[in-house]
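Enquirer: A single structure is presented below for examination.
The values are calculated or read from the model by the stated rules, or taken from the named source; none is laboratory data. Nothing here was measured: the structure is a model prediction, and the numbers come from that model. With ideal geometry, Cβ positions are generated from the backbone for all residues, glycine too; neighbour counts draw on all protein chains shown.
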Amino acid sequence: MKKHLHDLTIKGFHEGLLNKEFSAFEIAEGYFDWIAEKDKEVGAYLSLQKDEALKSASEVDVKVASGVEVDVLAGVPLAVKDVVLIEDAPASAGSKILEKYSASYDATVIKKLKEAQAVFLGKTNLDEFAMGSSTENSGYRLVHNPYDLLRVPGGSSGGSAAAVAANMALAALGTDTGGSIRQPAAFCGVVGLKPTYGAVSRHGLIALASSLDQIGPFGKTAEDAAIVFSKIRGSDPFDSTSVEAEEDDLLKPDFERIKKLRVGIPKEYFAGGLSPEVEKGMAEAERRLRSLKLEFEEISLPHTKYALSVYYIILPAEASANLARFDGIRYSRIVSEKEVKSLRDIYFKDRGAGFGAEPRRRILLGTFVLSAGYYDAYYAKAQKVRRLILRDFDEAFKKVDVIFAPTTPTSAFKIGEKTEDPLSMYLSDIFTIPANLAGVPAVSIPVKKYSLADKELPIGLQLIGRHFREADILGLGQYYERL
Amino acid sequence: MLSKKDLEHLAELARMELKKSEEEKLLKDLEKILGHFEELKELDTEGVLPMSGGTFSRNILRADDLEETKLAGEKSVSQFPERDKGFLKIPPVFE
């Protein structure tokens, strides 16, 4: 069975299922057996939904046996970051404050995947409220990088990335507010897509920063990411920022078209600051892309260096507002009745006991930048510079179709290396944040095929596209993977 | 720049109890992060329209009808901490 798990892609799974090489039930069981063995050392999952998963896998098998046509995602075992709601499953957001909470409805993305009869194995570990770049801020347990257990998987969707990398899920959902899909994808050697702002509904996502958050897929290949993305995208009346997808060649990339894409290399992303192994990986990736005879051009995104400051003003501001709802009243309460006498007590004690170090820091920072006397100097200024960053991309996309950049400045760092200094942790998102601020789609793709047995730490290349042009970056990603 | 008193005021605004033992580290971290933001001052943003959100959509309207949702009824409040005779119970707001 293990051989199956390690070799499967979504299409491979679908064909095997239709050809009766295996049943969806067998595969789901195989995944749970492997998780029971492997996840002790990785720590990717916070909860498993075994009964429901096996039940929905059996339903797929019944359909296949009776010759009913099933979706390409039918029976596909998925992992879901624990900020996306699945009805009646725990939804902790990695925080103690939601330890006792379970979701009362399905997120729109889950509803869509359930219609396709995908199978949900469980909810994955993350940095508390998706705040972090290493999953070390989880209120529950560490996640270890499957390539080197002493290193972080990245974050905040570290559990989802590690689950796919260690073959504990065929694909997964994560969320990306400043790099939380792409950075762990790069560290774990898998593909991770942050869709365009508005491409995917966030209804049923526990919000971090609403002007930046997007839900997106992890897959072993760009094709797998495209298949999951094509299923979850589209407009939704419950998220008024979501828009209907246009016709494109997302699922059947036209490589004749892809070959003619012009690729921009932003000089600011290569101007020092890359670790030697990332520099080497990027040179390798560029050489391989150039062998495809694509047209390259050096471009400039002049405001790149300000993106980190802009992000760490806007994100805490929005997060401090979004996290106000966790007040010990509306969801569940973690402090006992004896400890609280008044409403004020409930707020202060529940939030005081429930939020870990990083949410505390960001709530206070957000409260500060929004407070009277500081609003113009910080928040209003950041919103203006955000506009300049968007203009950088608009200018660049007049010249090129896709931007080629590293996903991260280094490969996976050691557990504990950056926990003492939040600013050094924030800097690990320096190449992923600009795409969130501008709202453009971006994907991280492994520079080459990595094998867990080799122990070589993966490097990710990032492809950034025009708004709603996921078909360009995933198409080029698929073209690249064929090399 | 930030004093302990400022920090306590922020915690008060955020309705979040702080431990005495974490205050020093928090102040140090916030100081360093706020220091990093100083670089924004060198940019001239005169006349730049603030980007107040991520969407380019304008005026998203819908018919004024009830939307079908599973969230109505018992399930939406089943995890509320205190209940009494069908009511949701909290301590008095005014004492």
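Enquirer: Could you go through the range A:65-75 and let me know if any residue there is among the aliphatic types (A, V, I, L, M), part of a helix (DSSP H, G or I) and surrounded by 19 or more Cβ atoms within 10 Å (Cβ to Cβ).
Expert: The answer is no, given that none of the residues of the range A:65-75 is among the aliphatic types (A, V, I, L, M), part of a helix (DSSP H, G or I) and surrounded by 19 or more Cβ atoms within 10 Å (Cβ to Cβ).
For every residue, the table says whether it meets (1) without any contact (Cβ under 8 Å) to a residue 24 or more places away in the chain; (2) surrounded by fewer than 23 Cβ atoms within 10 Å (Cβ to Cβ).
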residue: A:GLY366; (1), (2): no, no
residue: A:GLY373; (1), (2): yes, yes
residue: A:ASP401; (1), (2): no, yes
residue: A:PRO406; (1), (2): no, no
residue: A:LEU427; (1), (2): no, yes
residue: A:ILE430; (1), (2): no, yes
residue: A:ALA442; (1), (2): no, no
residue: A:LEU452; (1), (2): no, yes
residue: A:ARG469; (1), (2): no, yes
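Enquirer: Restricting to the range A:244-267, name every residue that is touching a strand residue (DSSP E or B) at 6+ places or on another chain (Cβ under 9 Å) and either in a helix (DSSP H, G or I) or not charged (D, E, K, R) (or both).
Expert: Hits for the range A:244-267 are A:ALA245, A:LEU250, A:LEU261, A:VAL263, A:GLY264, A:ILE265, A:PRO266, A:LYS267.
Enquirer: For the range A:369-482, list the helices (runs of 4 or more DSSP H) that sit wholly inside it and hold at least 2 residues that are out of contact with any strand residue (DSSP E or B) (no Cβ under 8 Å at 6 or more places or on another chain) and of a type in the set (Ser, Thr, Tyr); which are they?
Expert: Per the criteria, A:422-426.
Enquirer: Condition test on A:SER95, is it buried (at least 18 other Cβ atoms within 10 Å of the Cβ), under 30 Å from A:ALA353 (Cβ atoms), of a type in the set (Gly, Ala, Ser) and without any contact (Cβ under 8 Å) to a residue 60 or more places away in the chain?
Expert: No.
Enquirer: Among (1) touching a Phe, Trp or Tyr at 6+ places or on another chain (Cβ under 9 Å); (2) at pLDDT 95 or above, where does A:ARG360 come up short?
Expert: So A:ARG360 meets the others, but not (1).
Enquirer: Of all residues in the range A:323-351, which are in a helix (DSSP H, G or I) and surrounded by fewer than 19 Cβ atoms within 10 Å (Cβ to Cβ)?
Expert: Listed by number, the residues that qualify are A:ALA324, A:ARG325, A:GLU337, A:LYS338, A:GLU339, A:LEU343, A:ARG344, A:ASP345.
Enquirer: Let me ask something else about it. Is it fair to say B:GLU22 is closer than 23 Å to A:THR367 by Cα and touching a Lys or Arg at 6+ places or on another chain (Cβ under 8 Å)?
Expert: When the stated conditions are applied, B:GLU22 passes them.
Enquirer: Among A:VAL335, A:VAL369, A:VAL340, which is the only one that is more than 7 Å from chain B (Cβ to nearest Cβ) and either at pLDDT 95 or above or touching a Cys at 6+ places or on another chain (Cβ under 6 Å) (or both)?
Expert: Sole residue among the options that is more than 7 Å from chain B (Cβ to nearest Cβ) and either at pLDDT 95 or above or touching a Cys at 6+ places or on another chain (Cβ under 6 Å) (or both): A:VAL369.
Enquirer: Restricting the range A:281-313 to residues that are without any contact (Cβ under 8 Å) to a residue 24 or more places away in the chain and of a type in the set (Lys, Arg), which is farthest from A:TYR426 (Cα to Cα)?
Expert: A:ARG290
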